[in-house]
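For reference, the structure is listed below as structure tokens.
The values are calculated or read from the model by the stated rules, or taken from the named source; none is laboratory data. Keep in mind that what you see is a predicted model, and the values were worked out from it rather than measured. As a convention, Cβ positions derive from the backbone with ideal geometry for all residues, glycine included, and neighbour counts pool all protein chains shown.
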2 protein chains.
Amino acid sequence: MAVYTDLSDEELTTLLADYDLGAALSFKGIAEGVENSNFLLETEKGRFILTVYEKRVARADLPFFMDVTETLANKGFPAPRPMRRKDGALLSEVRGKACALIAFLRGVSPKKPNVAQCRAIGETLAQMHVALEGFSGARDNSLGPSAWAPLIEPRYALAETLRAGLAADVEADLHDVARAWPNGLPRGVIHADLFPDNSLFLGDAISGAIDFYFACTDLLAYDLAVCLNAWCFEPRGAYNITKGQHLIAGYQSLRPLSAEERDALPILSRGAALRFFATRLADWAETPPGALVRPKDPLEYADKLAFHRTATGAADYGA
Amino acid sequence: MAVYTDLSDEELTTLLADYDLGAALSFKGIAEGVENSNFLLETEKGRFILTVYEKRVARADLPFFMDVTETLANKGFPAPRPMRRKDGALLSEVRGKACALIAFLRGVSPKKPNVAQCRAIGETLAQMHVALEGFSGARDNSLGPSAWAPLIEPRYALAETLRAGLAADVEADLHDVARAWPNGLPRGVIHADLFPDNSLFLGDAISGAIDFYFACTDLLAYDLAVCLNAWCFEPRGAYNITKGQHLIAGYQSLRPLSAEERDALPILSRGAALRFFATRLADWAETPPGALVRPKDPLEYADKLAFHRTATGAADYGA
């Protein structure tokens with residue numbers, strides 16, 4: 001929720017001269033995304049999001065993200081199409097920063113997804129995995145399992161201040177996940193961050209899946225585990241198995257899980273919870289007291305880890 | 001530039017049930033306005049701005065602001081029409097705060113207005129003054145001349161730290177303005193804050209004048225003086241007399257100034273600069289070092305005051 005780069009009308013006119021989108025009709029910074037500056041732009045040709053990439057997105061990764069998003073849009077997946085410049089490029093530059101113009105998608109992000117929306121996001125995730133089968137690009141998951149211990153271990157003391165006993169619990173999580181991680185499962189391009197914030201709905205029908213800036217090559221079932229964490233919990237770490245059943249059923253309607261993938265859901269879900277706990281703990285550590293933008297609460301994921309620790313099999317998730 | 005109130009999709013649906021605008025198609029917080037939370041809302045009936053009024057806008061004043069804005073829209077002035085609820089009311093409530101749905105206007109705010117845009121804003125200001133002749137409502141200017149000394153005098157020490165000698169200069173400004181203020185000039189409803197930020201243009205044609213939350217009953221020519229300060233200076237307090245000529249000529253094309261109003265332009269302009277210096281100085285004093293949102297620079301208006309001090313007559317402004 002920020003606009004770091006404040007573009008003038010003149011800079012916008014210069015930028016638009018490189019596209020076939022006509023002149024600007026309106027232009028407003030939007031309070032969305034913590035990684036980038038985003039603007040809602042209307043031109044004579046339609047509505048677009050202008051994203052200016054700030055420091056947290058590696059410039060070298062942008063062509064992969066753009067390629068994934070455009071490929072999905074070409075295949076009828078509800079991803080927002082990046083617009084090509086007159087010279088064919090997908091990326092431009094303003095103030096020394098990379099930027100892109102991306103088609104605007106209608107829809108509203110649900111704060112408390114319902115069961116029908118959980119089914120829809122499961123279908124959408126599978127649709128993405130199927131659409132990207134055979135995709136030629138690849139990107140390592142920089143927030144995969146090997147990244148979690150380095151983010152968490154130096155901050156055990158902070159974790160203890162947040163909740164007594166948490167450091168030992170999370171140390172056990174890291175140990176168990178490292179030992180049991182199912183590296184041999186089917187791989188492909190995953191979204192890796194398909195939270196309600198990154199989805200758009202018109203009623204219960206999905207109208208968009210956005211923000212492919214964590215997309216990478218990793219286990220497909222891990223992406224499902226990320227969604228189970230993001231969509232199927234009620235407050236205080238209470239897993240809503242009805243939502244889980246619908247999300248998993250929606251996924252399997254387009255891409256049935258193998259027996260190995262199904263059996264791995266508990267450890268994948270525990271790993272996915274560790275991944276978000278790890279980055280939230282690090283963000284918490286870096287935020288000075290009294291800062292205007294409050295970081296997301298790491299304890300939300302500590303609560304979810306507590307559920308995953310007690311799960312005995314895929315049936316506990318609704319699979 | 002802030003969104004203080006973050007509404008959920010469910011709260012939005014509840015709010016829209018009180019209007020005849022159909023269901024939400026998209027909803028995004030926008031980084032605009034420091035006083036209120038603003039959202040760009042698209043429904044089945046069109047596009048709207050949802051404004052949630054935060055603490056700085058007095059609730060008792062909202063009916064006046066809404067009435068002014070709707071009256072202007074009814075008279076063909078490019079103000080954004082506030083939408084009436086099914087029960088006829090212009091204001092709603094969310095989370096215990098007042099809010100309103102206001103028609104979306106196209107256009108882009110100029111960062112560096114050109115001469116043609118200065119003429120257009122002069123015409124627009126006069127169009128507003130004429131359209132509101134005989135308007136029945138009234139509101140005292142809470143940031144009128146009597147408010148300036150109480151905002152500035154306790155902060156002379158701060159003013160000195162910003163620029164040596166500034167306290168004595170501003171003390172003289174306050175003295176001269178209090179002595180020479182032309183209280184007898186024609187009065188009416190003024191915008192009082194018609195900065196480039198609060199204007200929308202499509203090319204050089206004005207498409208909107210927005211944010212009537214400082215509107216009040218005061219000298220009409222003072223409103224023109226606010227615009228001369230806001231639109232006709234180049235960096236470092238250099239007055240651009242060509243812009244001033246066009247802005248004043250645009251104004252006079254619809255509402256000619258009386259001789260008394262014309263003669264008063266230097267003192268009115270000096271007072272208008274004091275008004276913005278005063279609130280910027282107070283905001284500066286209240287902002288802790290290292291705050292994420294940097295306040296606007298009081299010295300921009302100290303520079304403008306230096307010009308006004310040397311002006312000898314209306315001709316120096318292009319009148």
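Among the residues of the range A:289-299, those identified as part of a loop (DSSP other than H, G, I, E, B) and either modelled with pLDDT of 95 or more or of a type in the set (Gly, Ala, Ser) (or both) are A:GLY290, A:ALA291.
Once the range B:193-209 is narrowed to residues that are in a helix (DSSP H, G or I) and within 22 Å of B:LEU62 (Cβ to Cβ), the residue that is farthest from the other protein chains (Cβ to nearest Cβ) is B:ASN198. The requirement of being under 20 Å from A:PRO145 (Cβ atoms) and touching a residue at least 60 places away in the same chain (Cβ under 8 Å) is fulfilled nowhere in the range A:235-244; no residue meets it. Screening A:PHE212 on (1) touching a residue at least 60 places away in the same chain (Cβ under 8 Å); (2) in a strand (DSSP E or B) shows it passes everything except condition (2). Counting only helices (runs of 4 or more DSSP H) that fall entirely inside the range A:55-173 and contain at least 2 residues that are more than 14 Å from every other protein chain (Cβ to nearest Cβ) and in contact with a Phe, Trp or Tyr (Cβ under 6 Å, 6 or more places away or on another chain), the qualifying elements are A:62-74, A:115-131.
The residue of the range B:102-121 that is nearest to B:VAL226 (Cα to Cα), among those that are surrounded by 20 or more Cβ atoms within 10 Å (Cβ to Cβ) and in contact with a His (Cβ under 7 Å, 6 or more places away or on another chain), is B:CYS118. Is it the case that the range A:176-192 has a residue that's among the basic types (Lys, Arg), more than 14 Å from every other protein chain (Cβ to nearest Cβ) and part of a helix (DSSP H, G or I)? Within the range A:176-192 (the criterion being among the basic types (Lys, Arg), more than 14 Å from every other protein chain (Cβ to nearest Cβ) and part of a helix (DSSP H, G or I)), the answer is yes, since at least one residue qualifies.
Exactly one residue out of A:ASN229, A:ASN198 is within 20 Å of the chain's Cα centre (by Cα) and more than 24 Å from A:ALA264 (Cα to Cα): that is A:ASN198. For first residues located in the range B:1-17 and within 8 Å of another protein chain (Cβ to nearest Cβ), partners that are surrounded by fewer than 18 Cβ atoms within 10 Å (Cβ to Cβ) and at pLDDT 90 or above and lie 6+ apart or on another chain with Cβ distances below 8 Å form the pairs B:SER8/A:LYS111; B:SER8/A:LYS112; B:ASP9/A:LYS111; B:GLU10/A:LYS111; B:GLU10/A:LYS112.
Are any residues in the range B:194-205 in contact with a helix residue (DSSP H, G or I) (Cβ under 8 Å, 6 or more places away or on another chain) and crowded, with 19+ Cβ neighbours inside 10 Å, and if so, which ones? The answer is B:LEU194, B:PRO196, B:SER199, B:PHE201.
Exactly one residue out of A:GLU42, A:GLU32 is touching a strand residue (DSSP E or B) at 6+ places or on another chain (Cβ under 8 Å), crowded, with 18+ Cβ neighbours inside 10 Å, modelled with pLDDT of 95 or more and within 11 Å of chain B (Cβ to nearest Cβ): that is A:GLU42.
Before we move on, is B:GLY271 at pLDDT 95 or above and under 21 Å from the mean Cα position of the chain (by Cα)? Please lay out each step first, then the result.
Details: at pLDDT 95 or above: yes; under 21 Å from the mean Cα position of the chain (by Cα): yes.
Criteria met by B:GLY271.
Among the residues of the range A:71-82, those identified as surrounded by 19 or more Cβ atoms within 10 Å (Cβ to Cβ) and either more than 24 Å from B:ASP6 (Cβ to Cβ) or without any contact (Cβ under 8 Å) to a residue 12 or more places away in the chain (or both) are A:LEU72, A:PRO78, A:ALA79, A:PRO82.
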